[in-house]
């Protein structure tokens, strides 16, 4: 009887493990941090993560140890980030768009900045104001840069994409009726080496292509599927677009054979991977990691708040 | 000495105690003992692939196609004159507007028309307004020509809390009044809010709210029979009584009717596990309740219910019939539901039921790639079925 019960227990454990198997995670303890953006520094073998609650930027190592890297309450919230490996800088989008503990009427949905931090000294070396270029609400959400060192940033509350040139001068790069609407619109952004930007739109579930040389050339990429909740974007080594859909906890791989006039989903993650409101994706040693931001917990008052967050490995399954 | 001082209060206490407890007070304890074998069986989730539409079966003379994908958990739909469609998403708390701009039968444009509306579920278009309901709130907004909304107003925000059944559904009747289904907040309790487990009636401006029918545990979709104009709806029965009881019900909803829950189910069947109502017996009470007209396999979970009426292209013999979406069971050893069925009405009465849209459930490996939620149709003859398992909207149409 005792032996049989052991087998039954083992069988139950085995089945449970198999049923809940999800891709590996680097879990880190950072109570109530709610990180939204991430970047990976191959030299230091460190992930950087932001925070919508405090604006703090921290590092996470491969063993899941979190350390504060840059802290300043006046940041309110920090969002998308990218590493400029050439100049050893970390660029971070700064706004007071939703959940900051330090939110203030003078900055709420108004402030839009992009800062750069020196990766060695940890000091802030640039702080560029984007809030005066167009009237209205502002939310500096994500950024991408081109080989010339120009940075392109999305404003989720205004129908524009900003540009900050290598000298640090900010301007409006692209503007469109397509980008207009309520709440969060433009979100993730990626630079394609063939000379255009790919930008996603959270509320339209769509992807746009913008010509770098002529930013008036804006087209919607034709895709069969909708992506409401489209968030972080990344172009991988084969120029496939990795798209993170936060509301439905999915990550997609899209490819195009005609320069991104049309695109198809060629692979996707599974619902059983249990991503938890993924917001951003980075590449680390040839693997893709997604940040589980869990921002759904902040939108729902019935959900308990997390003390742990994770970076989770992406394993794609073909969709055909 | 102290006792004497306070003894006058002792007389008052029992009265106070009795008053506090009358509301939740039950009658005499149930006479019978009851045992049941209960279990759960959730068919496993399968991620959607486009070619799975080939696994869906619809009757001869109909075709099925995918109308939209990637929508997460789309719930209830409302189609506009121009064929564009609003969809509520309760979990995200938003309302989407889908359009088919190139007319190829697949939605190709998406706009988010309302955000930050937690728990939003029921939706209906009436008189140029879009009406929406969450568990507690009824709101409406003016629909602009492009489908975007303005002048949003909250008509009231004091419906009962969501609890177990938070799927409010809206529908305007031939009498011009707005009807709202409000489920129970529990499995089998005595509710403390009189509006739980009811069909409510209210004026289009949100005033004069009253209870139309009671004892409906979780009636979601409802509709008016095209010929008799009577209200019909399916109701979800109590859990944890076993695989086969209580059955799901099809009810004809009348003003002032009591449909039995929690003490009575099906065709005036008494739930032996419940205490008697105050001052009477379950059996006597059962005789005052309205029996189900038709019953279905327990735990199939009916969500939407719509009469076919004049959907363009549908066969003449379907004109009086209704469609019901069975979301699918989680607590039956042999899964049921996960399909849409057609209930055939003759002279205003339901007489038979047939499968209309099946294939989500794979019985051999106990998996599902969809759970149908709501029904909506365009004036072009497209019947839409939403699926909140994989975020797909299907289109069924008559084909020659």
- Residues that are modelled with pLDDT of 95 or more and more than 14 Å from chain B (Cβ to nearest Cβ): which strands (runs of 3 or more DSSP E) entirely in segment A:256-308 hold 3 or more of them? A:278-284, A:287-292
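Of the residues A:226, A:252, only one is within 14 Å of chain B (Cβ to nearest Cβ), in contact with a strand residue (DSSP E or B) (Cβ under 7 Å, 6 or more places away or on another chain), crowded, with 18+ Cβ neighbours inside 10 Å and outside any strand (DSSP E or B); which? Write out each step before concluding.
Numbers: A:252 fails: outside any strand (DSSP E or B).
Criteria check complete, one pass: A:226.
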- Would you be able to tell me the number of residues in segment B:167-203 that are under 17 Å from the mean Cα position of the chain (by Cα) and on the phi > 0 side of the Ramachandran plot? 1
- Task: Scan segment B:291-304 and give yes if some residue there is over 30 Å from residue B:379 (Cα atoms), in contact (Cβ under 8 Å) with a residue 40 or more places away in the chain and over 17 Å from the mean Cα position of the chain (by Cα), otherwise no.
- Result: yes
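Only one of these is in a strand (DSSP E or B) and over 28 Å from residue A:201 (Cβ atoms): B:112, B:154, B:88. Name it.
The conditions single out B:154.
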- Task: For segment A:25-43, state whether one or more residues are at pLDDT below 95, more than 28 Å from residue A:162 (Cα to Cα) and assigned to a loop (DSSP other than H, G, I, E, B).
- Result: yes
- When (1) under 17 Å from the mean Cα position of the chain (by Cα); (2) surrounded by fewer than 22 Cβ atoms within 10 Å (Cβ to Cβ); (3) within 14 Å of chain A (Cβ to nearest Cβ) are applied to residue B:387, the one that fails is (2)
- Query: What number of residues within segment A:100-124 are in contact with a strand residue (DSSP E or B) (Cβ under 7 Å, 6 or more places away or on another chain) and surrounded by 17 or more Cβ atoms within 10 Å (Cβ to Cβ)?
  - Reply: 9
- Query: Restricting attention to segment B:290-323, which residues are buried (at least 19 other Cβ atoms within 10 Å of the Cβ) and in a loop (DSSP other than H, G, I, E, B)?
  - Reply: B:290, B:292, B:298, B:299, B:300, B:301, B:308, B:311, B:314, B:320, B:321
- Task: May I ask you to verify whether residue B:170 is over 26 Å from residue B:238 (Cα atoms) and touching a strand residue (DSSP E or B) at 6+ places or on another chain (Cβ under 6 Å)?
- Result: no
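A quick yes/no check of all residues on (1) touching a strand residue (DSSP E or B) at 6+ places or on another chain (Cβ under 6 Å); (2) in contact (Cβ under 8 Å) with a residue 24 or more places away in the chain; (3) within 14 Å of chain B (Cβ to nearest Cβ); (4) under 19 Å from residue A:92 (Cβ atoms):
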site	(1), (2), (3), (4)
A:126	yes, yes, no, yes
A:134	yes, yes, no, no
A:153	yes, yes, no, yes
A:157	no, yes, yes, yes
A:163	yes, no, no, yes
A:172	yes, yes, no, no
- Of the numbered conditions (1) surrounded by fewer than 24 Cβ atoms within 10 Å (Cβ to Cβ); (2) within 16 Å of residue A:152 (Cα to Cα), residue A:233 satisfies every one except a single condition; which is it? (1)
- Message: So if I check each of B:211, B:143, which one is closer than 22 Å to residue B:113 by Cα and touching a residue at least 12 places away in the same chain (Cβ under 8 Å)?
- Response: B:143
- Query: Residues B:102, B:51: which one is within 11 Å of chain A (Cβ to nearest Cβ), part of a helix (DSSP H, G or I) and surrounded by fewer than 17 Cβ atoms within 10 Å (Cβ to Cβ)?
  - Reply: B:51
- Item | residue B:75, sole failed condition from (1) within 13 Å of another protein chain (Cβ to nearest Cβ); (2) more than 21 Å from residue B:380 (Cβ to Cβ); (3) in a loop (DSSP other than H, G, I, E, B); (4) touching a strand residue (DSSP E or B) at 6+ places or on another chain (Cβ under 6 Å) | (1)
- Select from segment A:181-215 the residues that are within 14 Å of chain B (Cβ to nearest Cβ), within 14 Å of the chain's Cα centre (by Cα) and touching a residue at least 40 places away in the same chain (Cβ under 8 Å) and list them in ascending order. A:184, A:186, A:187, A:200, A:202
- Note on the structure: Out of (1) in contact with a strand residue (DSSP E or B) (Cβ under 8 Å, 6 or more places away or on another chain); (2) within 20 Å of residue A:158 (Cα to Cα), the one residue A:180 does not meet is (1)
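Is segment B:26-40 home to any residue that is within 30 Å of residue A:229 (Cα to Cα), within 14 Å of another protein chain (Cβ to nearest Cβ) and in contact (Cβ under 8 Å) with a residue 40 or more places away in the chain?
Narrowing segment B:26-40 to residues within 30 Å of residue A:229 (Cα to Cα): none.
Within segment B:26-40, not a single residue is within 30 Å of residue A:229 (Cα to Cα), within 14 Å of another protein chain (Cβ to nearest Cβ) and in contact (Cβ under 8 Å) with a residue 40 or more places away in the chain.
Going through segment B:54-72 one residue at a time, which ones are over 30 Å from residue B:131 (Cβ atoms) and either assigned to a loop (DSSP other than H, G, I, E, B) or away from chain A (no Cβ under 14 Å) (or both)?
Taking segment B:54-72 first, the residues over 30 Å from residue B:131 (Cβ atoms) are B:54-63.
Listed by number, the residues that qualify are B:55, B:56, B:57, B:58, B:59, B:60, B:61, B:62, B:63.
Is one or more of the residues making up segment B:124-139 assigned to a loop (DSSP other than H, G, I, E, B) and facing chain A (nearest Cβ under 10 Å)?
Checking segment B:124-139: not a single residue is assigned to a loop (DSSP other than H, G, I, E, B) and facing chain A (nearest Cβ under 10 Å).
The values are calculated or read from the model by the stated rules, or taken from the named source; none is laboratory data. Keep in mind it's a predicted model, so treat the numbers as computed, not measured. We place every Cβ from the backbone using ideal geometry, glycine too, and count neighbours over all the protein chains shown.
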